[in-house]
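Report on one structure; see the data block that follows.
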Amino acid sequence: MKTLGVVGAQWGDEGKGKVVDVLAAQADVVARYSGGNNAGHTLVMDGKKIITHLVPSGCAYKGTACVLGAGMVIDVDVLQDEVAGIQGHGLLRDDELKVSLDAHLIMPYHRELDGLREDSRIGAAKIGTTRRGIGPCYEAKAARRGIKVRDLFDPNTLRVRLEGNAAAVDAELLHLGASRGVDVDALLKSASGWARWLEPLVCDVGAVIDDAITDGKRVLFEGAQGALLDVDHGTYPYVTSTTTTAGGISAGLGIGPTKIRSVWGITKAYTTRVGAGPFPTRAEGEAEEQIRAAGGEFGATTGRPRDCGWLDLPALRFAARVNGLTGLCVTKLDVLAMLPEVMVCRAYRDGVTPGRDGFSRAQPIYETLSGWGDPALQSLLRAARSLSEIPTAVREYLDLIEQEVGVPVTLLGVGPDRTETISLADPF
Ligand code: IMP
């Protein structure tokens, strides 16, 4: 079986877009299993940047099928714009894009609710969501009043469902300051356009992927967000509304868990977080500014400046456990190489563990690493294309990560371009 899951091992933004883009060169199918356009994956090809929010990062290759699974939530307007943008680069033929009939639709009132709720929250109650309607859409799904892609093809059912949703959310919308409730007629009109556009793309995604695996094709499962944003295992309530961890692959695509051969976790060489919630290894003052500036740490979806800090090895050990990681991809090593001083957290005081009570008060014990802070380090790293060309300080850092996390490092990111990558293991 030639299958590989690629998941975020931190709080999202680990560089999954680039890693999946690189690995997708060898894949026949790339499938996303959860989340929606809260994700933002940046691909850099020949200096050109493509940011995807819904379409899997495999879209950069001709002939690779890009699949959006049932576990996703889809804003069709956003998907249409994104596909038009990618097709403008001469990529992603219609027959290469497949959308699950069971994915749920983000409706305009989900977006509105998300924003109004965020505005109405005060202090620690703020989650810092991306305001894309993700939470309200998954909430409707769990409440069994969500609207699936398949409902677009049955206008009578769609009307009944929209009316049910209007009854459920109108009072809250108006209470939070919306000028009006759900406009069912206007939505039905939009929905007929969405149905026309989606019709050639929809299918039973689980069967398509299962057949591909049976035929010996190489299938990549692309995660969104990261382990610590998982709705069950992350820093709840400061999480997204889905299973971001590898357990979501099977549920979100409709294939059995025994079809996932291995799972690689992506981690930056340091840590970032966007939105509210605990972040024990956040750097202070100038050190944080230096990481943000060196790494260009601003959200690909919202443009928000990311909080930045040091690599958190206890959090990475946690991510390795909940995902059953078989490999680790370490990205943005070149960014760390630009900093005057590099620290790492091997443990917290009080023996606190991520995912357990007390994580928000965890106090990291730091070690300052030697051999970093050399102005030549970054250019040496960016030019490196094999492990033997990696400077000693960086190799020692990778050894430390492997030893502390107990998972082999399988891929390195030494610069933003897809060519600035060092592959250390066969993904399939
Ligand atoms: P939501 O997913 O928009 O509901 O946001 C919930 C939390 O997850 C917020 O803290 C967001 O900043 C965070 N989040 C959601 N998607 C991403 C992502 O792709 N990268 C990083 N953080 C994310």
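The values are calculated or read from the model by the stated rules, or taken from the named source; none is laboratory data. The structure presented is a predicted model; accordingly, all values stated were derived computationally and were not measured. Here Cβ is always computed from backbone atoms with ideal geometry, including for glycine, and neighbour counts include all displayed protein chains. To get the accessible areas, we keep the full protein, side chains included, count just its heavy atoms, and leave off ligands, DNA and RNA. Shrake-Rupley method; radii C 1.70, N 1.55, O 1.52, S 1.80 Å.
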What FRET efficiency, computed as 1/(1 + (r/R0)^6) with R0 = 51 Å and r the Cβ-Cβ distance, is obtained for Asp95 and Arg349, rounded to the nearest 0.05? 0.35
Of all DSSP beta bridges in the range 267-423, what percent run antiparallel (nearest 5)? 65
Of the listed peptides 61-68, 221-228, what is their order by residue-averaged count of other C-beta atoms within 10 Å, with the highest listed first? 221-228, 61-68
Note to self: C-alpha centroids of the range 373-418 and the range 172-200 sit apart, in Å, by 49
What percent does the relative contact order of the range 267-423 come to when contacts are Cα pairs within less than 8 Å and at least six residues apart? 25
So, in nm, how far is label Lys62 from label Lys189 when the simple model puts each one 7 Å beyond its Cα toward the Cβ? 4.1
Which lysines does Lys189 reach when only Cα atoms under 19 Å apart count, and residues fewer than 8 places away in its own chain are ignored? Lys148
For the range 104-197 the mean separation of alpha carbon contacts under 8 Å (6+ apart) over residue count, i.e. relative contact order in percent, is 27
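How would the range 197-312 be classified by its alpha-carbon gyration tensor: rounded, prolate or oblate, with rounded meaning a/c under 1.5 and the a/b versus b/c comparison settling the rest? List each step's numbers first, then the result.
On the way: a/c = 2.38, a/b = 2.20, b/c = 1.08.
The shape class here is prolate.
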Here the FRET efficiency for Ile122 versus Asp357, based on Cβ atoms and R0 = 22 Å and rounded to 0.05, is 0.40
Under a cut-off of 14 Å between alpha-carbon atoms, report the aspartates and glutamates in cross-link reach of Lys49, not counting same-chain residues fewer than 8 places apart. Asp21, Glu82, Asp417
Extension gain (nm, one decimal) between Ala25 and Asp81, 0.36 nm per residue minus Cα-Cα: 17.7 nm
Given points 7 Å out from each Cα along the Cα-Cβ axis, report the Leu424 to Arg150 separation in nanometres with one decimal. 4.4
Classify the range 257-320 from the C-alpha gyration tensor, please: rounded if a/c falls under 1.5, else prolate or oblate depending on whether a/b exceeds b/c. prolate
For the pair Thr368/Ala168, report the inter-label distance in nm, with labels modelled 7 Å from Cα in the Cβ direction. 5.5
Charge dipole magnitude, Cβ of K and R +1, D and E -1 - the range 267-423, Cα centre, debye nearest 20: 540
Accessible carbon and sulfur surface of the range 1-139 relative to its total accessible area, %, 1.4 Å: 51
Taking only protein heavy atoms and a 1.4 Å probe, what accessible area per residue, in Å², does the chain have with all protein chains in place? 40
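Keeping the other protein chains in place, figure out the carbon and sulfur percent of the accessible area of the range 267-423, with a 1.4 Å probe.
Of all accessible area on the range 267-423, carbon and sulfur atoms account for 48 percent.
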Taking the chain and dividing mean pair separation by its residue count, relative contact order in percent (alpha carbons under 8 Å, at least six apart): 20
Along principal axes, largest first, the alpha-carbon spread of the chain in whole Å comes out as 67, 51, 38
